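S.K.: This is the structure I want to talk about, given as structure tokens.
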Amino acid sequence: MRHYVLAAGIACGLGAVPAFANTVIKVGPGGQYQTISAAVAAADADTDPNHYYVIAVMPGTYVNDFPQVTRPMTITAEAAQAGRPVILRATENLPNEKGIILTFASLTVRGLVFEGAQIDNSLGGNGAGIRDENTGPAHLIVQNSTFTGNQEGILSDGDPDETVAIVNSRFVNNGNPDPDYFQHGIYIGRAGSLTVSDSLFCGQLIGHDIKSRAAVTTITDSRLYAGAANAALGCNAGSTSFAIDIPNGGVATLSGNRIVQGDAAQNHIMVAYGEEGLPYSDNSMLVSGNDFTSTATFGATALYDPYCVRIELVNNLFQGISTIVSPPGCAVSQ
């Protein structure tokens, strides 16, 4: 295995490689390995915690290549070119019954496309592009990536010490078409925090675009379509229920988003907060600078807040909305 020394102290924003990073493994033509799973397995086999691995993947389509991550690392597209992305495509049921990438450790993913993740409905029907099963302090960072045609985009278990960040990524036309299975663009369990920014969610079947049980949920500058198509973005109408579901409350911030609901949505509610109870001691919601637009013929509710946690509304635009907040009186406008 060849070692490539990376400059110490690389810090180019979210998901920067730690200063002690020192090993790059290249995958694809001219690389040390021809599959991502083989490269990840080689990194996993290193027991020295002072080594950090970057798996650099050349453009191409990697079919039924299912890496399992057991130590912190980065998997990134290498020298991606226009029209030549790095695609991880599943054409068979996932043998791990979890995800195209299954991770048990901190993971940063950059510039990858995930397609076709599925498992049999008898196993849950929730095959994911990325399945995160961390149980201790960890992070999951996804940047500049696309999830399309999967039963679930990202699915994480409940790790209260984990931070999840999704940046400039696309979740397009995912879901399980069986009406008995409710999958989501992303479903984050009881993590410490979820941050989503500059991302697109659309064409989701039956489930929600974003479902977060995290203690802190922050969604900014993103576009979410629930039952509404956008051909220019490659979005089917889907049959989404909520655009955003934050079922256990916590500290929630929605800022600068465009949320569009159409007639194919399965629920008149666009954003739900705390409808499954409030287990956290700190509960609040700030909704600032968002555009809520419904083109549906039914009466749309922008925000559903059954426990009437105070919602701060600041400079939002509501178009085609019958009810801004339900129950009424649970919001304060500024």
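S.K.: Among all residue pairs at least 6 apart or on different chains, which show Cβ distances below 8 Å where the first residue, located in segment 119-143, is within 15 Å of PHE171 (Cβ to Cβ) and surrounded by fewer than 19 Cβ atoms within 10 Å (Cβ to Cβ) and the second is at pLDDT below 95 and not aromatic (Phe, Trp, Tyr)?
M.R.: Partner pairs satisfying both residue conditions: none exist.
S.K.: Output the residue which, of all residues in segment 150-172 that are in a loop (DSSP other than H, G, I, E, B) and crowded, with 18+ Cβ neighbours inside 10 Å, is modelled with the lowest pLDDT.
M.R.: Step by step, filter segment 150-172, then rank; the result is ASP159.
S.K.: Evaluate the following for ALA117: is it in contact with a Pro (Cβ under 8 Å, 6 or more places away or on another chain) and not in a strand (DSSP E or B)?
M.R.: When the stated conditions are applied, ALA117 does not pass them.
S.K.: On the given criteria, is GLY136 more than 18 Å from the chain's Cα centre (by Cα), outside any helix (DSSP H, G or I) and closer than 28 Å to THR217 by Cβ?
M.R.: Yes, satisfied.
S.K.: While we're here: Checking TYR187 against (1) more than 12 Å from the chain's Cα centre (by Cα); (2) assigned to a strand (DSSP E or B); (3) crowded, with 20+ Cβ neighbours inside 10 Å, which test does it fail?
M.R.: (1)
S.K.: So which of ASP120, ASP65 ends up being touching a helix residue (DSSP H, G or I) at 6+ places or on another chain (Cβ under 8 Å) and closer than 24 Å to ASP157 by Cβ?
M.R.: That would be ASP65, the only listed residue that is touching a helix residue (DSSP H, G or I) at 6+ places or on another chain (Cβ under 8 Å) and closer than 24 Å to ASP157 by Cβ.
S.K.: Let me ask something additional. Within the group GLY250, GLY234, GLY227, which residue is among the small types (Gly, Ala, Ser), closer than 26 Å to ASN134 by Cα and modelled with pLDDT of 95 or more?
M.R.: GLY250
S.K.: Under 7 Å between Cβ atoms, at least 6 apart or on separate chains: pull out the pairs that start in segment 286-310 with a residue that is farther than 15 Å from GLN261 by Cα and end on any residue that is part of a loop (DSSP other than H, G, I, E, B) and charged (D, E, K, R).
M.R.: Correct list of pairs: PRO306/GLU275.
S.K.: Hey, among the residues in segment 208-239 that are touching a Pro at 6+ places or on another chain (Cβ under 9 Å) and hydroxyl-bearing (Ser, Thr, Tyr), which one's nearest to GLN261 (Cα to Cα)?
M.R.: Only one residue fits best here, namely SER239.
S.K.: Something else about it: Looking at (1) among the aliphatic types (A, V, I, L, M); (2) within 21 Å of ARG190 (Cα to Cα); (3) out of contact with any Gly (no Cβ under 8 Å at 6 or more places or on another chain), which is the only condition LEU278 fails?
M.R.: (3)
S.K.: Moving on. Name the strands (runs of 3 or more DSSP E) wholly inside segment 31-83 in which the number of residues that are touching a residue at least 24 places away in the same chain (Cβ under 8 Å) and surrounded by fewer than 18 Cβ atoms within 10 Å (Cβ to Cβ) is 3 or more.
M.R.: Strands (runs of 3 or more DSSP E) meeting the threshold: 60-63.
The values are calculated or read from the model by the stated rules, or taken from the named source; none is laboratory data. Since the structure is predicted, the reported quantities are computational estimates derived from the model, not experimental observations. Counting neighbours? That spans all protein chains shown, and the Cβs are built from the backbone with ideal geometry, glycine included.
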